[in-house]
Structure formats: structure tokens, C-alpha cells
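Visitor: One structure, pasted below without further comment.
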Amino acid sequence: AVRKLSELKTKEAVNELVKARGDAIEYVRESAAKGIEELGLSAEEKLAAYMHGLTSGNATVRWVSLAELGKLKDRRAVSGVKGLVNDRDDEVRKLAIEVLGLLGGNEAEIFIAKLDDRSLEIVVGAIRELGNLKAVKAVELIKAKTVYDSTGVRLAAVEALGEMGEGKKEVLARMGDDSKSVRDAAEHVLGSLKASRDEMIEGYKSALRSSS
């Protein structure tokens with residue numbers, strides 16, 4: 001059936017092939033992907049097909065459609081991708097945040113809303129996107145994440161503050177973090193934040209105290 005669909009180039013056939021990429025059988029998924037590739041669709045046709053895929057009830061199809069839209073980098077997909085930042089599936093929400101960043105969906109409010117997501121991976125992704133955007137309205141929220149329980153979240157927060165040129169006090173405090181990766185990131189970021197020699201010394205003292 002997949003092979004027959006790939007011989008057609010109607011909108012309905014393309015949509016069915018996209019749907020088949022979420023099939024439970026690996027062979028069907030692979031055949032569908034190959035079939036779509038062999039159709040030689042234009043960027044416009046791919047955009048339409050994968051925008052339609054975002055509305056699928058199958059999480060795999062939604063994830064695949066997001067990934068393909070990320071490759072297309074067409075800003076017309078932003079509205080559809082926005083609709084999945086609150087998807088019930090953690091992996092879909094995580095990818096939606098990443099793709100919004102790729103598409104230049106610079107709505108800081110969307111990323112701010114994800115700072116309290118139940119998935120830490122999504123929280124980390126939102127922090128990184130806010131750092132890339134240098135979203136001033138998120139600075140205080142990101143400062144608060146530098147003392148979060150998760151090492152990954154603290155690391156992302158320190159790096160984001162470096163991108164934003166903010167939070168010297170909070171980054172200095174991370175010089176004494178339990179995690180070496182966070183401490184290393186803090187030391188690196190403090191260079192861009194232009195920490196004074198005395199401030200750096202205090203930071204190193206804090207690190208020594210935490211390790212003793």
C-alpha cells in the first residue's frame with residue numbers, strides 16, 4: 001500500500017504517507033519515509049504535508065512532522081509548531097521548543113511558560129532559547145534556575161545568563177556548585193560578564209569551601 005501511495009502525488013497520498021511514518025511496524029515507517037523522498041516534493045508541498053501531520057493523533061507522526069518542518073526552516077510553520085508546545089507527549093513538546101528556535105519563533109512568552117514544565121529536558125530547552133533571544137523579561141526567572149535541583153537546569157541557566165550578559169552575582173555563586181560542569185561553565189561565563197579579579201577570587205574561595 002505504501003509503495004502504491006508513493007507512485008501517486010496527490011495531496012491525499014502524501015498525507016497518508018506522512019501518517020504511515022507513525023506506523024507501529026518499522027518497515028512501514030521506513031518505506032513511507034523513502035516513498036516521500038522519492039516523490040521529489042517541492043518545499044511548498046512538504047510544508048503543507050507536515051503542517052497537516054502536526055494535527056495527527058499519533059505522537060510519532062507529530063514528532064516526525066516537527067522534525068521535518070525544522071529542516072525546512074519556513075517561518076510559515078511557526079503557528080502550527082506553537083500549537084504543540086503544550087502537547088501531551090513530552091518528546092513532542094521538547095522538539096516543538098527546539099523547532100520554534102530554529103524557525104525564529106521569537107515569542108519569549110512561549111519559552112517562559114515552559115520554564116515550569118514537568119519535563120526537565122523541556123525546561124533546559126526553554127532556558128537555552130531564552131538565552132539565545134537575550135529575553136530581558138526572563139532574566140530574573142533564569143537567575144532563579146541557577147539554584148535548581150537539577151544539574152542540567154543549573155548549567156543551562158548559567159550559560160543562558162552568559163549569553164544575556166546578566167546575573168554576575170548568581171553565576172559567581174555557582175563557582176561553588178556541587179557539579180564540576182556547572183563550576184566550569186560559571187568560570188567561563190564570568191569572563192564574558194567581566195567579573196573583577198577580586199570577584200573571581202571570592203568565587204574560587206567559595207568553590208574551595210564547597211569542596212572541603
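Visitor: So, in region 180-206, exactly how many residues are in a loop (DSSP other than H, G, I, E, B) and either open to solvent by 30 Å² or more (accessible area, probe 1.4 Å) or over 19 Å from ARG128 (Cα atoms) (or both)?
Guide: Taking region 180-206 first, the residues in a loop (DSSP other than H, G, I, E, B) are 193-196.
So of that shortlist, the ones also either open to solvent by 30 Å² or more (accessible area, probe 1.4 Å) or over 19 Å from ARG128 (Cα atoms) (or both) come out as 194-196.
Of the residues in that region, 3 qualify.
Visitor: Let me ask something else about it. I need the full set of residues from region 84-119 which are open to solvent by less than 50 Å² (accessible area, probe 1.4 Å), farther than 22 Å from GLY22 by Cα and of a type in the set (Lys, Arg), in order please.
Guide: LYS114
Visitor: Identify, from the list GLY167, GLY162, the residue that is crowded, with 20+ Cβ neighbours inside 10 Å, on the phi > 0 side of the Ramachandran plot and either at pLDDT 90 or above or in contact with a Phe, Trp or Tyr (Cβ under 9 Å, 6 or more places away or on another chain) (or both).
Guide: Working: GLY162 fails: on the phi > 0 side of the Ramachandran plot.
After ruling out the rest, the residue left standing is GLY167.
Visitor: Can I ask one more? Show the residue pairs meeting these rules: Cβ distance below 9 Å; 6+ apart or different chains; first residue within region 16-29 and touching a residue at least 40 places away in the same chain (Cβ under 8 Å) and closer than 11 Å to VAL61 by Cα; second residue aliphatic (A, V, I, L, M) and surrounded by fewer than 18 Cβ atoms within 10 Å (Cβ to Cβ).
Guide: ARG21/VAL28; ARG21/ALA33; GLY22/ALA59
Visitor: Please verify whether region 104-111 includes one or more residues that are over 14 Å from the mean Cα position of the chain (by Cα) and farther than 25 Å from ARG76 by Cβ. Please lay out each step first, then the result.
Guide: We begin by selecting, within region 104-111, every residue over 14 Å from the mean Cα position of the chain (by Cα); these are 109.
From the residues that got through so far, the ones that are farther than 25 Å from ARG76 by Cβ too are none.
So far as region 104-111 goes, no, none of its residues is over 14 Å from the mean Cα position of the chain (by Cα) and farther than 25 Å from ARG76 by Cβ.
Visitor: Continuing with this model, one more query. Could you pull out every one of the helices (runs of 4 or more DSSP H) wholly within region 3-83 that has 3 or more residues that are open to solvent by less than 100 Å² (accessible area, probe 1.4 Å), at pLDDT 90 or above and in contact with a helix residue (DSSP H, G or I) (Cβ under 9 Å, 6 or more places away or on another chain)? Steps first, please.
Guide: Working: elements: 11-20, 26-38, 43-53, 59-72, 78-82.
The qualifying helices (runs of 4 or more DSSP H) are 43-53, 59-72, 78-82.
Visitor: Criterion first (under 12 Å from GLY22 (Cβ atoms) and of a type in the set (Gly, Ala, Ser)) does GLY53 satisfy it? Break it down stepwise before answering.
Guide: On the way: under 12 Å from GLY22 (Cβ atoms): yes; of a type in the set (Gly, Ala, Ser): yes.
For GLY53, the condition - under 12 Å from GLY22 (Cβ atoms) and of a type in the set (Gly, Ala, Ser) - is met.
Visitor: Yes or no: ASP149 out of contact with any Pro (no Cβ under 8 Å at 6 or more places or on another chain), open to solvent by 50 Å² or more (accessible area, probe 1.4 Å), modelled with pLDDT of 90 or more and not in a helix (DSSP H, G or I)?
Guide: On the way: out of contact with any Pro (no Cβ under 8 Å at 6 or more places or on another chain): yes; open to solvent by 50 Å² or more (accessible area, probe 1.4 Å): yes; modelled with pLDDT of 90 or more: yes; not in a helix (DSSP H, G or I): yes.
Here the answer is yes, as ASP149 does meet what is asked.
The values are calculated or read from the model by the stated rules, or taken from the named source; none is laboratory data. Given the structure is predicted, the values throughout are model-derived calculations rather than measurements. FYI the Cβ positions are ideal-geometry reconstructions off the backbone, even for glycines, and counts take in every protein chain you see. The accessibility values were calculated without ligands, DNA or RNA, using every heavy atom of the protein model including side chains. Shrake-Rupley method; radii C 1.70, N 1.55, O 1.52, S 1.80 Å.
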